[in-house]
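One structure is given here, and the rest of the page talks about it.
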Amino acid sequence: MRTLDWIVLVTSLVSIVAYGLYRSRGSNTVDRYLLAGRSMPWYAMALSIMATQASAITFISTTGQSYVDGMRFVQFYFGLPIAMVVICATVVPIFHNAKVYTAYEYLENRFDAKTRALASIIFLCQRGLSAGLTIYAPALVLSVILGWPERMTTSLMGAVVITYTVLGGIKAVTWSDVQQMGVIFVGLIAALVTTIVLLPHSVSFGDAVFLAGAAGRLNAVTTHFDWNDRFNMWSGLIGGTFLFLSYFGCDQSQVQRYLTGKSIAQSRLSLLFNAVAKIPMQFFILFIGAMVFVFHIFVQPPMLFQHAELARIEHSEQYPSVAAEYARAFEQRRAAALLLVEAHHDGDSAAEARARADYRGAQKQLDGARTQASKLVEQAGGEKGFTDTNYIFLSFVTRFLPVGLVGLVIAVIFAATMSASSGEINSLATVTIVDIYKRHFRRGASDHHYVTASRWATLFWGVYAVMFAGWAGRLGALIVAVNKVGSLFYGSLLGCFVLALAFRRVRGTAAFAGMLAGESAILATSWFTDVSWLWYNVIGCAVVVGVALAVTSLSPTASATPGTQPAR
């Protein structure tokens, strides 16, 4: 990066943090520190919810996912609007009227203390792992740009996030998110416009879309049903609905956002905004990846986008032949693409069919060469199952975007990481203090004591996330990894809340047994089958409900006493 890029980057990040801390003044009580005094307007909550989802993983990995696999990933979000409507109608008024700090407080009101504790522990396990994945993403940025060690980068980013989250609490997090989403929208639009402008003059925007479609990169909807296919319309509508019901209804990192609202109506508006805006935003990000793919039809990309691993294999015996095959396939694809566009313009269907076949054949050869290069990385001592998906967009940004805009896009990635990781760390601290520490270890202490304890818990989880981030790079495409990790735990949480809301005769022991069985079923499905992770939530939820109902029917009086009210 050049001087102007650094100025843009540093100015963006400093202004975001400073604004968040300025707006967080007065966060000196538990209610203000953890829930902003329940005073947030709908638009701030809406943008904070969106920012918490839109981590750097979204921009780094989703664009790369589109580059190599097309836009099928957008189907993952098809269940989101359905889930939002259900949550607005059910969970939001219940949580607001119960005046809870966390979603799991409600479970003790409804069931008992052990069910609340188990749900809290499941959340801490799941979100603690995800926080490490989230904070790892910027390490990719500076490792590509400056060659810095990833550990140094994660530590630096962690220090920034921890500082303003510890000092300002949820208000600092939320108002910083508002600023960050502004930077993100500007950066994304600028990246897409620049990508299109960089295309050859003979290739119009319509031609670019046509070429992306011909290569299968605009395959946004897949209608066939396959249990093992991660992204199709059915896994998105059914599995995605269950996942987002779990995420927005049971995950404290999201629940805490709409618990800060001034009213039930304000909280509902924030969720409905995301129901409308999330799919178009994700489509837009994936489309950027598709346009980067078209750009590299005419400008040869590196055989591997992870430059360190490419350098590792350059001295192997097989490398020259693989590189020659890759270069030959690239030239064939470029020539076929130009012929395909020409035939399309002329309306010559026969010539278009021949050119399309040559174009796809060359793409298959190009993909084959990249696969061989990945195998060389493994043979040379690199990680097993090597993939460079997470480096594709960053490589394009740093090599081809103009000065100043590089800094803006990097600021987008950093801002997204800060918003997502700060929200996760804040919610982890909230559950730790409210559901574990205050409930089971130190009841009846002063408000000042719990604020101080919350700050220490925030610090702990921030350090934990940084430490776990060192392992995150082994998980492949991060956008898939972060959602797969969540799916290992969300189904059991969702099942418990379904029991709480829909099956009034089920009590604590039955719900507790159901959650243990549901989590076991999810882990068994993950370890012993090839079923896509989007179905884990459906399986876990169904097992929780089924086992709890079975226990209730076998022992109708075993847990007849409602759960006690939690200590506040």
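Can you tell me which residue among 434, 403, 466 is over 22 Å from residue 37 (Cα atoms), assigned to a helix (DSSP H, G or I) and of a type in the set (A, V, I, L, M)?
So the residue among 434, 403, 466 that is over 22 Å from residue 37 (Cα atoms), assigned to a helix (DSSP H, G or I) and of a type in the set (A, V, I, L, M) is 466.
Do we find a residue being open to solvent by 50 Å² or more (accessible area, probe 1.4 Å), of a type outside the set (Val, Ile, Thr) and touching a Lys or Arg at 6+ places or on another chain (Cβ under 9 Å) anywhere in segment 46-67?
no
Can you go through 95, 73 and tell me which one is within 28 Å of residue 458 (Cβ to Cβ), in contact with a Phe, Trp or Tyr (Cβ under 9 Å, 6 or more places away or on another chain) and surrounded by 22 or more Cβ atoms within 10 Å (Cβ to Cβ)?
The match here is 95.
Would it be correct to say that residue 321 is assigned to a helix (DSSP H, G or I), among the hydroxyl-bearing types (Ser, Thr, Tyr) and open to solvent by 10 Å² or more (accessible area, probe 1.4 Å)?
yes
Residue-by-condition table, conditions (1) under 32 Å from the mean Cα position of the chain (by Cα); (2) part of a helix (DSSP H, G or I); (3) aromatic (Phe, Trp, Tyr):
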{"residue": "317", "(1), (2), (3)": "no, no, no"}
{"residue": "357", "(1), (2), (3)": "no, yes, no"}
{"residue": "364", "(1), (2), (3)": "yes, yes, no"}
{"residue": "381", "(1), (2), (3)": "yes, no, no"}
{"residue": "398", "(1), (2), (3)": "yes, yes, no"}
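Within the bounds of segment 376-383, is there any residue that is open to solvent by less than 40 Å² (accessible area, probe 1.4 Å), aliphatic (A, V, I, L, M) and in contact (Cβ under 8 Å) with a residue 12 or more places away in the chain?
Checked segment 376-383: at least one residue is open to solvent by less than 40 Å² (accessible area, probe 1.4 Å), aliphatic (A, V, I, L, M) and in contact (Cβ under 8 Å) with a residue 12 or more places away in the chain.
As an exercise: evaluate residue 474 against (1) at pLDDT 90 or above; (2) open to solvent by 40 Å² or more (accessible area, probe 1.4 Å) and give the number of the one condition it does not meet.
(1)
Just checking, how many residues over segment 219-238 are more than 16 Å from the chain's Cα centre (by Cα), in a helix (DSSP H, G or I) and either surrounded by fewer than 24 Cβ atoms within 10 Å (Cβ to Cβ) or not polar (S, T, N, Q) (or both)?
4
Using beta carbons and a limit of 7 Å, which pairs, at least six apart or on different chains, have the first residue in segment 398-427 and farther than 30 Å from residue 128 by Cα and in contact (Cβ under 8 Å) with a residue 24 or more places away in the chain and the second one open to solvent by 10 Å² or more (accessible area, probe 1.4 Å) and of a type in the set (Gly, Ala, Ser)?
405/190
Got a sec? Which of 510, 567 is assigned to a loop (DSSP other than H, G, I, E, B), of a type in the set (A, V, I, L, M, F, W, C), modelled with pLDDT under 95 and closer than 21 Å to residue 106 by Cα? Don't jump to the end; show me each part of the working.
Details: 510 fails: assigned to a loop (DSSP other than H, G, I, E, B).
After ruling out the rest, the residue left standing is 567.
If you check 546, 518, which single one turns out to be modelled with pLDDT of 90 or more, more than 19 Å from residue 109 (Cα to Cα) and touching a Gly at 6+ places or on another chain (Cβ under 6 Å)? I'd like the intermediate steps shown before the answer.
Numbers: 546 fails: touching a Gly at 6+ places or on another chain (Cβ under 6 Å).
The conditions single out 518.
Quick check on residue 144: is it modelled with pLDDT of 90 or more and surrounded by fewer than 24 Cβ atoms within 10 Å (Cβ to Cβ)?
no
Name the residue that is farthest from residue 431 (Cα to Cα), counting only residues in segment 107-116 that are surrounded by 23 or more Cβ atoms within 10 Å (Cβ to Cβ) and not basic (Lys, Arg).
By that ranking, first place goes to 111.
Can you name every residue in segment 295-311 that is surrounded by fewer than 23 Cβ atoms within 10 Å (Cβ to Cβ) and not aromatic (Phe, Trp, Tyr)?
296, 299, 300, 301, 302, 307, 308, 309, 310, 311 - these are the residues of segment 295-311 that are surrounded by fewer than 23 Cβ atoms within 10 Å (Cβ to Cβ) and not aromatic (Phe, Trp, Tyr).
Scan 305, 293 and give me the residue that is closer than 28 Å to residue 378 by Cβ and part of a helix (DSSP H, G or I).
293
Specify which of the listed residues (427, 446) is open to solvent by less than 10 Å² (accessible area, probe 1.4 Å) and of a type in the set (S, T, N, Q).
Matching residue, one of 427, 446: 427.
Residues of segment 248-273 being surrounded by 24 or more Cβ atoms within 10 Å (Cβ to Cβ) and farther than 14 Å from residue 35 by Cα, which ones?
248, 249, 250, 251, 270, 271
Can residue 284 be described as at pLDDT below 95 and open to solvent by 30 Å² or more (accessible area, probe 1.4 Å)? Step through it out loud before you land on a result.
Details: at pLDDT below 95: yes; open to solvent by 30 Å² or more (accessible area, probe 1.4 Å): yes.
Yes; evaluated as a whole, the condition is true for this residue.
The values are calculated or read from the model by the stated rules, or taken from the named source; none is laboratory data. This structure is a prediction, so every number in the text was calculated from the model and none was measured. Cβ sites come from the backbone with ideal geometry, for glycine too, and all protein chains shown count toward neighbours. Only protein heavy atoms, including side chains, enter the accessible area calculation; ligands, DNA and RNA are left aside. Shrake-Rupley method; radii C 1.70, N 1.55, O 1.52, S 1.80 Å.
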